[in-house]
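A.B. asks: My questions will all concern the structure given below.
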Amino acid sequence: MDIVPFVDLAAHHAPVRDRIQAAVADVLIHGKYILGPEVEAFEHGFAEMVGTKHAIGVGTGLDALRLAFEAAGVKAGDEVIVPGNTFIATALAVSAIGAVPVLADCDPVTYNIDVNLIRPLITSRTRAICPVHLYGQAADLDAVLAIAAEFGLKVIEDACQAHGAKYKGRGCGSVGDLGTFSFYPGKNLGAMGDGGMVTTNDDELAARVRRIRSYGELKKYHHVEKGINARLDTVQAAILNVKLPRLGWANDQRRRAARAYEQGLAGIAPVVVPKGPADELAHIYHLFVIRTPRRDDLQRFLNEKGIQTGIHYPIPIHKQPAYAELASTGSRLPVTTKIADEILSLPMFPELTDAQVARVCAAIAEFHRE
Ligand SMILES: Cc1ncc(COP(=O)(O)O)c(C=O)c1O
């Protein structure tokens, strides 16, 4: 059976395979494996793409968040407001420094943090707010920035799914105090292993992130704080340098596929199709997430027809055993709790053809006719 894959990284890399191999071979030959020249080149290119003065390459998206929180002054016992509807790494980064993630429910249309629910969660221990541009769609940053200014809080953007997404013309990751990115292979800009980036316009925050990512050292063997080792790998940076110039094209292709899904799925009750933002640059469709009450049956049906799907995410943070202490906050997370049983991520990648989209839509229509 002809499969419609959820993502197709081999197809995405095929046109640049030779250049990636050459870039990796260059690293092998020059031998500067830790923070080699490719890391600096990628940091410059990425900062330009996002629109910040600084970009600091780190080990993973989780590292990026953790370093951003630490650089912003979040300390053990502090509270950080994060969306309940996000990948668990957003919360784990807060926990990693001994701070407490405070979960806010999400908006039922955008699935991003519901900015009207942030204010009641602020206490004397709140230090920061972390809006997540989930599925690739910019969160309502103006509202978050206004609350942060009122209460003297830092804003750390989790842009781990939003490479190249714009908020009112500005790059996601350039609007708050710090931005954070992941280069997990399946991201819109993905490495061939792990990678991450912190972005900021603030010289001092950038210097702190740089220090903490490398043992808290000012220069070799001179340590001014207790840092960690969370450096972006030179080989991954070499690969990302080849891929970065293609990001704009890739995001445009994802938007094309999203428009095709919107057309193909219109009128199929009870499927809820994501409502694209008025500003189409505000969404880079890392994921195309529909909702339907019989989600598990639909996923099985599609799988039988050779159509691969995903669920992002099936178990919300407050229901994870790792966060048993947050279980009681579930009562204030009704939207997050409900949609976890209904969301389904359809195949989405730049090379997805209109014919493949049509096949997915036809299968979804057939399921709901039965
Ligand atoms: C919203 C969000 N935050 C954080 C992360 C963590 O990134 P990484 O997997 O690179 O640690 C991811 C990606 O996995 C993510 O999607």
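The values are calculated or read from the model by the stated rules, or taken from the named source; none is laboratory data. None of these values were measured; they are calculated from a predicted model. In this analysis, Cβ positions are derived from the backbone assuming ideal geometry, glycine residues included, and neighbour counts consider all displayed protein chains. For the accessible areas, the whole protein counts, side chains as well, though only heavy atoms, and no ligand, DNA or RNA atoms are used. Shrake-Rupley method; radii C 1.70, N 1.55, O 1.52, S 1.80 Å.
A.B. asks: Looking only at helices (runs of 4 or more DSSP H) that fall completely inside region 4-64, which ones have 2 or more residues that are within 16 Å of the ligand (Cβ to nearest atom)?
C.D. replies: 37-50
A.B. asks: While we're on this one: Kindly provide the set of residues from region 257-301 that are among the basic types (Lys, Arg), open to solvent by 70 Å² or more (accessible area, probe 1.4 Å) and either farther than 17 Å from Val109 by Cα or part of a helix (DSSP H, G or I) (or both), ordered by number.
C.D. replies: Kept after step one, since they are among the basic types (Lys, Arg), are these residues of region 257-301: 259, 275, 291, 294-295, 300.
Of the ones still in play, those that are also open to solvent by 70 Å² or more (accessible area, probe 1.4 Å) are 259, 275, 294, 300.
Residues satisfying the conditions are Arg259, Arg294, Arg300.
A.B. asks: Of all residues in region 320-329, how many are out of contact with any strand residue (DSSP E or B) (no Cβ under 9 Å at 6 or more places or on another chain) and surrounded by 12 or more Cβ atoms within 10 Å (Cβ to Cβ)?
C.D. replies: 2
A.B. asks: While we're looking at this one, here's another question. It is to be established whether one or more residues within region 158-179 are closer than 23 Å to Arg332 by Cα and more than 14 Å from the ligand (Cβ to nearest atom).
C.D. replies: no
A.B. asks: Cβ-Cβ below 7 Å, separation at least six or inter-chain, first residue in region 153-175 and within 14 Å of Ile284 (Cα to Cα), second basic (Lys, Arg) and more than 11 Å from the ligand (Cβ to nearest atom): which pairs?
C.D. replies: Correct list of pairs: Cys172/Lys166.
A.B. asks: Here's another thing I want to ask about it. Counting only residues that are more than 14 Å from the ligand (Cβ to nearest atom), open to solvent by 20 Å² or more (accessible area, probe 1.4 Å), of a type in the set (Val, Ile, Thr) and under 22 Å from Gly59 (Cα atoms), how many does region 71-112 have?
C.D. replies: Total meeting the criteria: 1.
A.B. asks: Are any residues in region 302-319 closer than 15 Å to Ala365 by Cβ and either open to solvent by 60 Å² or more (accessible area, probe 1.4 Å) or acidic (Asp, Glu) (or both), and if so, which ones? Let's see the steps before the verdict.
C.D. replies: Quick first cut of region 302-319, residues closer than 15 Å to Ala365 by Cβ only: 302, 305, 307.
Answer for region 302-319, where residues must be closer than 15 Å to Ala365 by Cβ and either open to solvent by 60 Å² or more (accessible area, probe 1.4 Å) or acidic (Asp, Glu) (or both): just Lys305.
A.B. asks: Just for region 114-134: of the residues that are closer than 17 Å to Val74 by Cα and open to solvent by 10 Å² or more (accessible area, probe 1.4 Å), which one is farthest from the ligand (Cβ to nearest atom)?
C.D. replies: Across region 114-134, the extreme among qualifying residues is Ser124.
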